[in-house]
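Just so you know, all these numbers are worked out from the coordinates, no wet-lab data involved. As the structure is a computational prediction, the values presented were derived from the model and not from experiment. Cβ sites come from the backbone with ideal geometry, for glycine too, and all protein chains shown count toward neighbours.
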Amino acid sequence: MKISIDHLTQIYRNGNKAINDVSLEIEDGMFGLLGPNGAGKSTLMKILVTLLKPTRGKVLINGEDLQKNRRKVRAVLGYLPQDFRFFAKLRTWEFLEYSARLAGMRNKAVRNDEVERLLEEVGLFDVRDRKANKLSGGMKRRLGIAQALIGDPKIVIVDEPTTGLDPDERIRFRNLLSKMTEKEMIIILSTHIVGDISSSCNNMALLDQGKLVFNGSPDALVEQARGHVFKMNLSNLEFESVKEKFNVISTIPSVDGWDVQVVADEIKDYPAIEVEPNLEHAYVYFVEYVLNKQM
Ligand SMILES: Nc1ncnc2c1ncn2[C@@H]1O[C@H](COP(=O)(O)OP(=O)(O)O)[C@@H](O)[C@H]1O
Ligand SMILES: [Mg+2]
């Protein structure tokens, strides 16, 4: 599978330019779409799932125009919207069976097999008889994923699936998604949380105010921050002035003051030790220094 996004622009009726001339190629594997709230992630995803017709530009799926092949594309697509809700009255398995019917699975036996397979896959088999709205937050999200996986889609698009989950569920959810990437398929995961990206995505894009500001591997983003992350031990007084000058990313009290990590272009006036950057550091560095310089 290959998605080619070609000079895509989305301007809403009220004039909001939610996507601003974005070009991007996405191939098999897990693709992370990172950006703060309002960056345009949901808008881009709605275009990809043909819910929204872009103002300008086009999307090609395996070389074919998305807008001209909507039915065909929808048949290979799974989507978990950001505001996913389900009918309160249905039991977990009933909801999936209902979704399978909506997805066009007419044969009852085939449908039942599919529901069972999905319940197993997302770890909800034991709670299949529970009312869907009585599931925990994490379970609901997994049910949402199961719904998106009906009929073995080749492209799966999940919009902020980890928002509001506790750390355990977040890890579980991530593992579920990365297990799926063993198949030949594209998974696009949007998030405003950097930690969702690092472990599982081979490629990522960074959106900011509708613009594509980075596209590459998470490692490539991390490399940009090399030499710009420092740690230092500071007294209370020093800490106050460092806070003014640099982007402090972590603070731990120490015996005689504070162990502080900062992101900065360079540090001159303090005894600072360089630290191996991670994706969280890189995101801060990129947004605060690289982006600001470009603009
Ligand atoms: N239906 C809409 N009409 C007008 N503006 C919208 C609409 N949906 C989203 N927007 C605006 O478009 C921008 C991008 O929104 P969105 O795609 O939801 O971003 P994200 O998912 O990254 O938070 C925001 O400024 C948002 O307010
Ligand atoms: Mg969104």
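Quick look at the values:
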| item | result |
| --- | --- |
| Extension gain (nm, one decimal) between residue 112 and residue 219, 0.36 nm per residue minus Cα-Cα | 34.3 nm |
| Degrees separating the helix 108-121 axis from the principal Cα axis of the chain, which is the longest one | 20 |
| Whichever lysines have a C-alpha closer than 16 Å to that of residue 179, once near sequence neighbours (fewer than 8 apart) are set aside | 154 |
| Calculated Rg and Dmax of the range 147-285 using C-alpha coordinates, Å | 18.7, 61 |
| Between 0 and 90°, nearest 10: helix 167-180 axis offset from the chain longest Cα axis | 60 |
| Chain lengthening between residue 27 and residue 102 when straightened (0.36 nm per residue, less Cα-Cα) | 24.2 nm |
| Residue order, fewest to most beta carbons within 10 Å, for 285, 79 | 79, 285 |
| Compactness of the chain as Cα Rg over 2.2 N^0.38 Å, two decimals | 1.15 |
| Packing rank of 91-104, 195-208, where each peptide gets the mean count of other beta carbons within 10 Å, highest leading | 195-208, 91-104 |
| Long-range amide H partners of residue 214 with built H, under 5 Å | 206 |
| 16 Å Cα-Cα reach of residue 293 towards lysines, excluding residues that sit fewer than 8 places from it in its own chain | 211 |
| Shape parameters for the range 223-294, alpha-carbon atoms, Rg then Dmax in Å | 11.9, 41 |
